[in-house]
Structures are given as C-alpha cells and as structure tokens.
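Novice: Sharing a structure with you now.
The values are calculated or read from the model by the stated rules, or taken from the named source; none is laboratory data. These figures come from a predicted structure and were not determined experimentally. All Cβ positions, glycine included, derive from the backbone under ideal geometry; neighbour counts span all protein chains shown. Heads up: the accessible areas ignore ligands, DNA and RNA and are worked out on the full protein's heavy atoms, side chains in. Shrake-Rupley method; radii C 1.70, N 1.55, O 1.52, S 1.80 Å.
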Amino acid sequence: MPTTFRRRSLPPPTLQYACLAILFVSAMWFQARYAHDIWQEEKVSYGFVAPATASASLQIVRPSAEQLGIHAGDTLLAVNGRKYTGTSILAEAYANAHPGDHIDLTVKSPSGEHTVVLPVTPGTTPAAQVLFDVLFNNVAPTGCVLLGAWVVLVRPRDRLAWILFGLMLCFSQLFTSFKIESWGPGYRDVAMAYHTALGASWPIFMFLFGFFFPEPFPFYARMGSGRKWIPLLIIAPAFFNVFFAIAVTVTEMTDYSRASAIAHTGHFLDIPLRIYLYCIVGFGFFSSIFTKSAMAISPDAKRRLRLLYWGATVALVPIFLISLVPQFRGKSMYDMFPDWLIGITLLLTTLFPLTLAYIIVVQRAMDVRVVVRQGLQYGLAKSGIRALQFVAIAVVIATAFAFGSKSNQLGKIVVIAIAITVGFSIPKLGDRLRTWTDRRFFREAYNADQVLSDLSDQVRSMVETRPLIETVATRISETLHIPQVAVLLGGSGSYRPAFALGYGAPPDVSFPPGKGTVKILQAHKEPARVYFDDPGSWLYRDAEVSEQERTGLADLHAELLLPLSTRDKLLGFISLGPKRSDEPYSGTDVRLLKSVAAQTGLALENARLMSAIADEVAQRERLNREVEIAREVQERLFPQTLPPIDGIAYAGACRPALGVGGDYYDFLALPDGQLGIAIGDVSGKGIAAALMMASLQASLRGEATRAPENLAALMSNVNRLVFEASSSNRYATFFYAQYNPATRLLNYVNAGHNPPMLFHCSQGTWQISRLEIGGTVVGLLESFPYEQGNLRIEPGDVLVAFTDGISEAMNTADEEWGEKALLDTVKACSGLSPSETITRIMQAADKFVAGAKQHDDMTLVVLQAASL
C-alpha cells in the first residue's frame, strides 16, 4: 500500500471567481441590452443618421433625408425642441419613437435655420442585414465572452487565462455600433465607459497575449523581479489612449463643446499614438507569435503558433487595410469602399476568436480540455456528495417545520434539535465520505494531488541537495509505485547517479554532457519515454546516442526520463523504472512528474545558488575588510594637520562614493611660509583609483619639496611620473597652486580639472574668477607643455575648488545640482569659516539629491583670505 500524506491544498480562488462573476455578469448584461437595441433599430426606420463625432455637423444622410431638406454638412441645432448639445439628445428621440410618430429637427444650413419633420416609419431592413447585425453584434461578442470566461473558470490562477479573457472582452466591443446614448443617465455613462475602455484596450491585450502565449520569451524569464514591469512600461502610453477615449466618448453624449475641447487637447498626439498602437499590435502580437513559432522545438507548439499567426493574419489584416487607407485620405471607409466589401472584412474578423477557440479547445494550447476531462467526473462525484448533504439537511428541516405545526410542543422541540444536530454533523460526515471516495475510486487523482501540493511545499524550503533529491525520489516512488528511481546530477563532468532507490548496488553509469541522451533532454526540455523494443525510438534514431548510453539506461531499467532544468541549463535528470503494476506512464503521470521535475530543478538551482552565496558572502567579508584597511590607509594620505599660514584660513574634505575613492586633495607647507594647494580626480572608482591617487600624491610631494617657482615645469614632471606609474587608460584631472602670503599672489596650473572659483565681493556685488589656465589631464600623455597662471587674492576673497562629484550630484530624477546652485550656496556662506562653508555646501547638495545614491566622490577645498 502506498504511504499517504496529509493533504495540503491551495486556498480556493475566491477573489478570482468573484472578479470573473462580476465581469461575466456585466458583459452578458451589456450584450442583452445590446440585443434589445438591435431589435429596436430594425423595427423602425429614420431618414437620417446622427453625427458620429464630437461635433454637430451632419455627416451621414440617407436619400430620403435629402428630400426632406437635410444635407451633408448641415448643423443640427435642436431635436423636438431640445437643444442638441450631445449625442444622447437624438439617441433618446430615436429610442422613444414609434412608427407613425415624427421627430422635429432644427437644422442650420447655408441658407439659414429651418425645421425638418422627420417621419418614423416601420423598418424595412433586409433580412440579410438583420442576420448580419445579430451575428456580428450579438452572437460573435457573446461567444467571445463565453470563451474567455470558460478558460478563466477552469484556470482561475493562470495569468494567461485572464489575458485571454481581457482580449475576448475587448474583441466583443471592437466593432459594435448601435446606440448606447439612449440608455438613460448613469447607465449610459457606465456602459459607454465600458464599451470605449474595452475597444481602446484591444492593442494592450493583443500585445500581452502575444508576449505571454504560450510562454513568455526566454529573456523575460531571465529578468530579475525588478525588471518584470518592462512589458507594462511598453504599453503604458496605450493606457493614456484608453482614458482619453473614455473622457471624449462619455462627455460628448451630453456636452459636444466640452468633448471637442478635450479632443482638441490631445489632437497633436493623434497620429503618433495611432502609429504606436499599430506598432504594439504588429510587433507585440504578430512578430511575437511568428518569432515564437520559429523558436519552438515541439512540432505541436509550432503547429499551434503558426495556426494562430495565420488565423490572426487572415482575420485582422483586411480590416486593418480598409481602415488604414481612409485615414490618410481623411475619409470614412464607408465612403471609399462598397458595403459588401466592408461586410466581408468584418465577418473575417470573427475568424480570430474562432482560431483562438480552436487552438485552445481542440489543439489544447492551454491544457483546458485536459483540465475539464480530468476534473469532470471527479468534480461531479464531490459535487454530488455536497448536493446530497443539502438535500438531507433540507428534508430534515422541512420535516421539523411540518411536525412543528402540531400541538405537541415537546415533539417540535425534539425534531428541531435533531434537525440542527443533523445539519451540523452531515458536513463532517460528508468530508469523510469525500475522502473515502477520493481514495477508493480516484486513487490516481488523489495521489497526484498529494504529490503536487505536499511535495511542492517541501521542495521550496529545501536548500541542501542531498535531502532534496532523497525526498523527491522517495515520494515519487511511494506515490506512483515505482520501485526503481535514480537521480543523476551533472557537475564539471558526466551525469552520474547522486541517489538511487531499488537497486542492489548503486548503478555504475554515466552520461557525457552535450551528447546523446543529455543533448536530447536539454534541447526538448520535456520528459522522454524510453522504448528499448522500438527501432524508431530516439534511442536508435539519434546517431549521437551511443551503445554505452543504451546500456546505461538498461542498467537503470529506465522507462521515463525527467529533465531537471533551469533556464537553459540541464542540472540533471530522474530515471524512473517500470511501475509495479507494469502499466505505462499515463498522460496524467507525465504532466504531474514534469511539474515535480520543474520544481526540483528550481530547488536544485536554489541550493547551488545558496552554496555560492555562502562562499560569496565569506569572500565579500574578506574583501570588505581589505577595503576597510585601504580606506584607513587612504584617509591617512589626506592632510592630518593644517599648517598655519598668515592671513588665510583654509579647509578641505573628501567623501568617497565607495569605501575608497579616486578624489585627492592636499595642503603642503612650503619654504618662506608658502602654502601648496592640490585637488584632483582620478578616472575610475575603487581600489585602482585609490592606488593611482596615492601615486599622484607621492609624485606631487616629491616635486613640490623643491619649492619650484615654475609650476608649469612641476606639472609636466608630475604628468610624466604618473604616466610611467599607471596603465594607459588611467589619468587624473588635477589642480595645483602655491599661495605666497607676503605678496598675496596665487600661482597655479589647472590640468583639465573643474576650474576653481575665486569669489570677490565689492560693495555687495560678487565677482567670480575661474582658474582655467593650464593644460590637459595628467597621466594620459607622456609629455605635455603646461602653462602657469596667477592672480592676487584680496582680503575677504574666498577660493573654492571642487570635483565634479559636487556639481554633478544627482537626485532621483537624474537632475544635476549644477554649478549655479554651488555659486548661490557659496555666496550665502559669506562670513562663515572655510570648514563651516564646506559643511553648508555638503548639506545643500545632500538636500538636493534627497537620499539618491551617488556614483562619484565629493571633494571640496575652501581658502579664505582674512578681511582687513
């Protein structure tokens, strides 16, 4: 007897079914009301058709209306004395009119205003037209709704099922044309919003269905969870079109002028948006389906996708062409093409839902037929038990009330108590009866349910390989009565048994990677049946399957191989021997085992990743410690003390983006009381930039100790030394200056660095000088002639040198703080010390970025001359 397990099932899809019920009832109510409108439209005849857009200009006129004095281009002013402000005015007049009545139209024409009496006569629509209207506007949309609702009913948790339902709802509203405006306030607004939203959402669901059917593209599966929103980003503009269309159509029912204003605001987007919608249908649906049909490995998958592609092409391309051409000529397709051609193209569109129904129901593209076939008798048995419960409860309660009508009060109380007791006990007895029914009559479905629910829960939580494969192999063996199960895993070499059940000794077999059996499992990603007695089997048909592999499969007594895959990698496979009953593996078995294998493959990959993460965490801890040491060393390279200089105060600060950085600043005490000021920005980040920064500091200090007056020559020497000590792709922007307090003269050389700024305030007016003279960056060219600049620093002047991490600090909107904001901040710091100025600048930059992650080091040097 197989071991049984406690049943753990998913919670019922109550929310999904509630949403389905609301959408289905709404759609069917809409179609029922629409059918009534169609019937009413055919019973009466008018000589005039209302304007179809947000204007009061008469656009479609029948010959009889011409005789009454209505002409194309006339303006409709009033209907039965009511000012014509929206389409609902005339629609309500139509809806309330009966044969023998008349409708009074006040019309403005080039000759002036006049009133036209429009007679209402019995309908004379040909029977063929009536049949076409009923078929196209009622039967076909209802069929679309039923198809989509049925798929969601049997697959309520399937994302693709909901996308299909949405597509079918959209298709049901794509070409309908009867009057909604006459439904009355409230109802007509909701109905028009429903109709417009679905009609405008059709490109969205076409894109989603093409992208996700039958499976998403491989690159989507490889995306991280943070990028799964990319398909939604692609269709985001289409949502704008939906809301815009709803606003126009709902408003124009009551207010033409307001609707025209709304339409005018988005008129400039009309052509780009229309092209965009054509693109997402063309590329998102047709190109996706065509590409997937070319990529599909299974012949069944290729056949389904090609059938869908050509069915959609035949159904939709003709209507696309006859609707596209008139748009470029500024006409209606009813003016350019005969009615019979339009009718044929409209009828062809019904091939699209029919094609979808065929590949879903007949070709089993979404396994709906399998679900129905498997669950029908099983569900009926369980539902029958529930029905018996309700019948029993109803009978007992009815008996209690019948008996209670007698005068025996004690007997009434006893019967009611019995009814209550039975009512509470029957559900418990029913649960036991259902469990017994499951095990007695539907053992295969019952055990399959156990494997899917219980095993999937256990596998997800396992992060060690050995317990994982032991659990999976044992559970499959016990549930499906398979005495011999082997799990073979690959690594750096061949695939070998990692765990085996039912063999006297561990099987000594191996399967080379990328060849024969492994290649077939990796290419098809489907369970492979093993038939040793069939010369046409892949065992003998594929030339890469060697005799050694056939012998190995025979030693395993393999009848079914389950690939354990993740993405494009085959981690291993499970070999299943024959069942104890010698029955072949059924389609139900294969589908169940395929699901288990998929979950096991994912768990194996998770186990491997957990092990890799543990190693990476240990390695990262070592690296973090090394970076911390490097950071401490680099901090020692920055000035630890500030030598006092007569007449000036100065300060500097550096905040690396990472643990260590490539920004550099320095202050050097030079002979004769002079001060050397340096700031630089090394290309790149991290350890490599920090090492070059150390090399730059050593080169500068070595040259500056000589206290040369020729700073251009000093910079040339520093450039040469850095060039020789660094790789060809490394360089640094660099600024070096020497300040002489006796003369107040600042000599400097700027080697490609952000020009420092000297702020001078005279009588409340700021003058800013930029220190730009110099040459190119250091370390890029072996030799370069630099030029020296100089300026005088007056009392109260402030010199600010910075790296681009300050001026280019970015917020979450990728906006830069900018030099203008830096200038304003420095001006606001008048009277503050250099260290306080640096603090204020950093705070202003941090406030702008508002916590956004910065990718560049931030360095500042501020020098301030004492005021007289």
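Novice: Does any residue in segment 122-144 that is modelled with pLDDT under 75 come within less than 6 Å, Cβ to Cβ, of a residue that is outside any helix (DSSP H, G or I) and open to solvent by 40 Å² or more (accessible area, probe 1.4 Å) six or more places away or on a different chain, and which pairs are these?
Specialist: Note: pairs meeting the criteria are Pro122/Pro99.
Novice: Between a first residue in segment 771-787 that is closer than 14 Å to Leu714 by Cβ and a second residue that is modelled with pLDDT of 90 or more and β-branched (Val, Ile, Thr), which pairs have beta carbons less than 6 Å apart while being 6 or more apart in sequence or on different chains?
Specialist: Close Cβ pairs (under 6 Å, with a partner that is modelled with pLDDT of 90 or more and β-branched (Val, Ile, Thr)) amount to Gly774/Val749; Val778/Val718; Phe784/Thr776; Tyr786/Val749; Glu787/Ile773.
Table: residues versus (1) within 30 Å of the chain's Cα centre (by Cα); (2) part of a loop (DSSP other than H, G, I, E, B); (3) in contact (Cβ under 8 Å) with a residue 60 or more places away in the chain.
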{"site": "Lys519", "(1), (2), (3)": "no, no, no"}
{"site": "Gly552", "(1), (2), (3)": "no, no, no"}
{"site": "Arg580", "(1), (2), (3)": "no, yes, yes"}
{"site": "Ala607", "(1), (2), (3)": "yes, no, yes"}
{"site": "Met610", "(1), (2), (3)": "yes, no, yes"}
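Novice: Being farther than 17 Å from Arg770 by Cβ, out of contact with any Leu (no Cβ under 8 Å at 6 or more places or on another chain) and touching a residue at least 40 places away in the same chain (Cβ under 8 Å): is that true of Ala813 here?
Specialist: Details: farther than 17 Å from Arg770 by Cβ: yes; out of contact with any Leu (no Cβ under 8 Å at 6 or more places or on another chain): yes; touching a residue at least 40 places away in the same chain (Cβ under 8 Å): no.
Answer is no for this residue.
Novice: Being at pLDDT 55 or above and in contact with a Leu (Cβ under 6 Å, 6 or more places away or on another chain) is the requirement here; does Val518 meet it? Give the derivation first.
Specialist: Values: at pLDDT 55 or above: yes; in contact with a Leu (Cβ under 6 Å, 6 or more places away or on another chain): no.
In short, no.
Novice: Scanning for something under 55 Å from the mean Cα position of the chain (by Cα), at pLDDT below 85, within 17 Å of Leu691 (Cα to Cα) and open to solvent by less than 30 Å² (accessible area, probe 1.4 Å), does segment 662-672 turn up at least one residue?
Specialist: Yes, the conditions are met somewhere in segment 662-672.
Novice: Let me ask something else. Out of (1) touching a residue at least 24 places away in the same chain (Cβ under 8 Å); (2) crowded, with 18+ Cβ neighbours inside 10 Å, what's the single condition that is false for Leu691?
Specialist: (1)
Novice: Follow-up. Quick check on my filter: what residues within segment 469-502 are more than 28 Å from Asp542 (Cα to Cα) and either of a type in the set (D, E, K, R) or assigned to a loop (DSSP other than H, G, I, E, B) (or both)? I'd like the intermediate steps shown before the answer.
Specialist: Residues of segment 469-502 more than 28 Å from Asp542 (Cα to Cα): 469-481, 483, 501-502.
Residues satisfying the conditions are Glu470, Arg475, Glu478, His481, Pro483, Gly502.
Novice: So which of Arg188, Arg157 is open to solvent by 40 Å² or more (accessible area, probe 1.4 Å) and either of a type in the set (D, E, K, R) or modelled with pLDDT under 80 (or both)? Show your work before the answer.
Specialist: Numbers: Arg188 fails: open to solvent by 40 Å² or more (accessible area, probe 1.4 Å).
The conditions single out Arg157.
Novice: Give me the pairs, please: first residue somewhere in segment 523-545 and of a type in the set (Asp, Glu), second residue anywhere and open to solvent by less than 30 Å² (accessible area, probe 1.4 Å), beta-carbon distance under 7 Å, and either six or more positions apart or on two chains.
Specialist: Sorted first by the residue in segment 523-545, then by its partner, the pairs are Asp542/Gly516; Asp542/Ile520; Glu544/Gly516.
Novice: Could you check segment 338-373 and list, in sequence order, the residues that are open to solvent by less than 80 Å² (accessible area, probe 1.4 Å), modelled with pLDDT under 75 and farther than 18 Å from Ala315 by Cα?
Specialist: Result: Val361, Val362, Gln363, Ala365, Met366, Asp367, Val368, Val370, Val371, Val372.
Novice: Answer yes if at least one residue in segment 580-588 is open to solvent by 80 Å² or more (accessible area, probe 1.4 Å), modelled with pLDDT of 75 or more and not charged (D, E, K, R), and no otherwise.
Specialist: Within segment 580-588, not a single residue is open to solvent by 80 Å² or more (accessible area, probe 1.4 Å), modelled with pLDDT of 75 or more and not charged (D, E, K, R).
Novice: If a residue has to be surrounded by fewer than 17 Cβ atoms within 10 Å (Cβ to Cβ), assigned to a loop (DSSP other than H, G, I, E, B) and without any contact (Cβ under 8 Å) to a residue 60 or more places away in the chain to count, how many in segment 817-837 make the cut?
Specialist: 2
Novice: Same structure again: Residues of segment 515-553 being β-branched (Val, Ile, Thr) and either touching a Gly at 6+ places or on another chain (Cβ under 7 Å) or surrounded by fewer than 16 Cβ atoms within 10 Å (Cβ to Cβ) (or both), which ones?
Specialist: Step one: list which residues in segment 515-553 are β-branched (Val, Ile, Thr), which gives 517-518, 520, 530, 545, 551.
Those that are β-branched (Val, Ile, Thr) and either touching a Gly at 6+ places or on another chain (Cβ under 7 Å) or surrounded by fewer than 16 Cβ atoms within 10 Å (Cβ to Cβ) (or both): Val545, Thr551.
Novice: In addition: Just give me the residues in segment 263-277 being touching a residue at least 40 places away in the same chain (Cβ under 8 Å) and over 13 Å from Ala200 (Cβ atoms), in sequence order. It would help to see each step written out before you state the result.
Specialist: Residues of segment 263-277 that are touching a residue at least 40 places away in the same chain (Cβ under 8 Å), as a first pass: 263, 274, 277.
The one that is touching a residue at least 40 places away in the same chain (Cβ under 8 Å) and over 13 Å from Ala200 (Cβ atoms): Ala263.
Novice: Against the conditions (1) modelled with pLDDT under 95; (2) small (Gly, Ala, Ser); (3) within 21 Å of Pro755 (Cβ to Cβ); (4) touching a strand residue (DSSP E or B) at 6+ places or on another chain (Cβ under 9 Å), where does Gly818 fall short? Just the number, please.
Specialist: Condition (4) is where Gly818 drops out.
Novice: Here is a follow-up. What are the residues in segment 789-818 that are acidic (Asp, Glu) and either touching a Cys at 6+ places or on another chain (Cβ under 6 Å) or more than 13 Å from Leu860 (Cβ to Cβ) (or both), if any?
Specialist: In the first step, residues of segment 789-818 are kept if they are acidic (Asp, Glu); the result is 794, 797, 804, 808, 814-816.
Those that are acidic (Asp, Glu) and either touching a Cys at 6+ places or on another chain (Cβ under 6 Å) or more than 13 Å from Leu860 (Cβ to Cβ) (or both): Glu794, Asp797, Glu808, Asp814, Glu815, Glu816.
Novice: Given segment 652-746, what strands (runs of 3 or more DSSP E) lie entirely inside it while holding 2 or more residues that are among the charged types (D, E, K, R)? Steps first, answer last, please.
Specialist: On the way: elements: 663-669, 675-682, 732-740.
By residue number, 663-669.
Novice: Do we find that Val849 is aliphatic (A, V, I, L, M), in contact with a Leu (Cβ under 8 Å, 6 or more places away or on another chain) and modelled with pLDDT under 95 in this structure?
Specialist: Working: aliphatic (A, V, I, L, M): yes; in contact with a Leu (Cβ under 8 Å, 6 or more places away or on another chain): no; modelled with pLDDT under 95: yes.
So Val849 does not fit the description; no.
Novice: Taking the criterion of being touching a residue at least 40 places away in the same chain (Cβ under 8 Å), among the aromatic types (Phe, Trp, Tyr), touching a helix residue (DSSP H, G or I) at 6+ places or on another chain (Cβ under 6 Å) and closer than 15 Å to Gly572 by Cβ, would at least one residue in segment 505-516 satisfy it?
Specialist: yes
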